[in-house]
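Each remark here refers to the structure printed beneath this line.
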Amino acid sequence: MTHSEQYRKIFDSRSTEEMHTLARIKRFMECVMGDDEFRHDLSAHLEDPRPVAAARGIDLDPRLMRPLFQHGMTHLRFARGEAAYPLAILWDQYIREMLEHRDSLRDHASTAIANPRFQTWRERQMRRVMSECGVSGGSITHPLAAFELSDGCSVGCWFCGISAERFKGALSYTEETRTLWRGVLETMVHHFGDAAQSGFCYWATDPMDNPDYPRFIEDYYEMTGYLPQTTTAAPLKDVRLTREVMDIFWKYRSITNRFSILSKKMLRRVHEEFTADELMPVELVLQNKEALVSKAKAGRARDRQKRLRASGKDDRIALKNADHTTIACVSGFLINMLAGTIQLVTPTRPSDRWPKGYKVLGERRFDGVGAFDAAIDDLLENEVGTELESTAPAVLRADLRYEPTERGFALVSASSRHACEGMPFAPKLGHLVSTGTETYGSVLRELVGGGEDLLLVNQVLEDLYRNGVFEESRAGLVTMHPRA
């Protein structure tokens, strides 16, 4: 069964009536999560909330799904009493399958067969991100590529996690650009196989800024066998264009699309423009200030937070946000079709060095299909590290705290703890890598020169490397320095 078929099964395994009911539950939950006035009315009518739902055109009995909203739960596990809340159970089963599908996207982007070397690099990034990026890490699926079909973004969200620049223009769909586009996609398939299906066609851009966007994603399907996911913060900018993209979804049904909701007014307008059934395959990402959803502390949101703190003002983002660190998701390639650039990128916890929440580990330029193919080869050869080199700095990630233990040492991040214990040389190894002044080769020489087993020391260092505890050191990106 293909990945698309697995996705379609979520919908096809349910009756038309079940899907209609799920669409109404989904709309109800969007109002709960995104509209403070709706929540206020709901709290005032908890005994019988049917009139509150009916006032928004939602024809269902909320009492049959009470745990979803009364206790703030969106993913349930009932041990008993299922019969009392059939709509909650129906929603829970659907959400469970959608989350399983989301998690399966990590495997969908695997290049283990088509490009094992790149997959080794990707797996290291996935382990690092899980350790480094807090609550964001678990939801990141690490797709292969993001393609920008515009220059900048017309929306200008104040919280943009990747600080998109102002819109300057879009790539027109001409015979020349079509040839380049299809050639680029063919090259990605050649190098990475089915993992090319995991890409999408936006980044610091909005799909609805490009009037030819539907043509580009139709080509994507033809070249890869998979329709890329679409996220837009401007679904009402050109409703005809938005509906065209939604129609393409129904044609291929590969993956859920998303609308980013920027205000309560926009949420209500989207609900007025599109029926609940039309929005069933569209996730509404509630970014409005009234929503019960946190924003990533990256890009413009991070800049705003720093300004507020510097001026001594309250920071509501920090109050709502436990540890949502980044909106970046790609461990692979960021490709701008207008500028002719390709970057090797991977998510990271935002910092002064990487304020947008992703690292750029290498960049190349291209002006044709042949040059694009050569750029991919060059990045794979020179920027995708797969093993420790003797001259590589053994520098721990900046977010890790080194803790000596009786039997070795631990490396503690905001969301995990890595322990290295049990080997006789573990305490000394921990001290050496904690200094920030050693290389892989110097650590190896120090320990082996003291009588430790070469193969065992090498294996432990490789394990630390594969788990992403060291800073990336390709292309001179890391300099050795004592840790504070």
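Key figures for this structure:
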quantity	calculated
Only one of Ser136, Ser163 that is of a type in the set (S, T, N, Q) and buried (at least 23 other Cβ atoms within 10 Å of the Cβ)	Ser136
Residue under evaluation Leu429, criteria (1) within 25 Å of Asp399 (Cβ to Cβ); (2) assigned to a helix (DSSP H, G or I); (3) open to solvent by 30 Å² or more (accessible area, probe 1.4 Å), criterion not met	(3)
Test: residue in the stretch 106-116 that is modelled with pLDDT under 95, over 20 Å from the mean Cα position of the chain (by Cα) and surrounded by fewer than 23 Cβ atoms within 10 Å (Cβ to Cβ)	no
When residues of the stretch 408-421 are limited to those that are of a type outside the set (A, V, I, L, M) and over 18 Å from Val443 (Cβ atoms), the one surrounded by the most Cβ atoms within 10 Å (Cβ to Cβ)	Ser413
Any hit, the stretch 29-46, residues being open to solvent by 70 Å² or more (accessible area, probe 1.4 Å), of a type in the set (A, V, I, L, M, F, W, C), touching a residue at least 12 places away in the same chain (Cβ under 8 Å) and more than 20 Å from Ile261 (Cα to Cα)	no
Count - residues of the stretch 1-20 that are part of a helix (DSSP H, G or I), among the polar types (S, T, N, Q) and open to solvent by 20 Å² or more (accessible area, probe 1.4 Å)	2
Which numbered condition Phe259 misses (of (1) in contact with a Leu (Cβ under 6 Å, 6 or more places away or on another chain); (2) closer than 30 Å to Ile113 by Cα; (3) free of Cβ contacts under 8 Å to residues at least 60 places away in the same chain)	(2)
Given (1) farther than 23 Å from Ser415 by Cα; (2) touching a Gly at 6+ places or on another chain (Cβ under 7 Å); (3) not β-branched (Val, Ile, Thr), index of the condition Arg124 fails	(1)
Test: residue in the stretch 107-114 that is part of a helix (DSSP H, G or I), touching a residue at least 24 places away in the same chain (Cβ under 8 Å), hydroxyl-bearing (Ser, Thr, Tyr) and farther than 24 Å from Lys356 by Cα	no
Pairs where the first residue, in the stretch 362-387, is under 17 Å from Glu472 (Cα atoms) and the second is assigned to a strand (DSSP E or B) and open to solvent by less than 40 Å² (accessible area, probe 1.4 Å), C-beta under 6 Å, 6+ apart	Gly362/Leu344; Glu363/Gln343; Leu379/Leu344; Leu379/Gly362; Glu383/Leu344; Glu383/Leu361; Glu383/Gly362
Of all residues making up the stretch 39-68, the number that are in a loop (DSSP other than H, G, I, E, B) and closer than 24 Å to Thr275 by Cβ	7
Every residue from the stretch 440-465 that is assigned to a helix (DSSP H, G or I) and open to solvent by 80 Å² or more (accessible area, probe 1.4 Å)	Arg445, Glu446, Leu454, Leu455, Gln459
Qualifying residue in the stretch 120-130 (condition: of a type in the set (D, E, K, R), open to solvent by 20 Å² or more (accessible area, probe 1.4 Å) and closer than 20 Å to Ile335 by Cα)	no
Scan of the stretch 353-405 for residues that are in contact with a Gly (Cβ under 6 Å, 6 or more places away or on another chain), basic (Lys, Arg) and in a loop (DSSP other than H, G, I, E, B), ordered by number	Lys356
Counted residues, the stretch 225-253 - those being of a type outside the set (Phe, Trp, Tyr) and over 23 Å from Glu186 (Cα atoms)	16
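Table: residues versus (1) within 18 Å of Gly385 (Cα to Cα); (2) modelled with pLDDT of 95 or more.
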{"position": "Ala84", "(1), (2)": "no, no"}
{"position": "Ala88", "(1), (2)": "no, no"}
{"position": "Tyr94", "(1), (2)": "no, yes"}
{"position": "Phe118", "(1), (2)": "yes, yes"}
{"position": "Glu123", "(1), (2)": "yes, yes"}
{"position": "Cys133", "(1), (2)": "no, no"}
{"position": "Glu148", "(1), (2)": "no, yes"}
{"position": "Asp151", "(1), (2)": "no, no"}
{"position": "Cys160", "(1), (2)": "no, no"}
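The values are calculated or read from the model by the stated rules, or taken from the named source; none is laboratory data. Everything quoted here is computed from the prediction, not taken from an experiment. In this analysis, Cβ positions are derived from the backbone assuming ideal geometry, glycine residues included, and neighbour counts consider all displayed protein chains. Note: areas computed on protein heavy atoms with side chains; ligands, DNA, RNA excluded. Shrake-Rupley method; radii C 1.70, N 1.55, O 1.52, S 1.80 Å.
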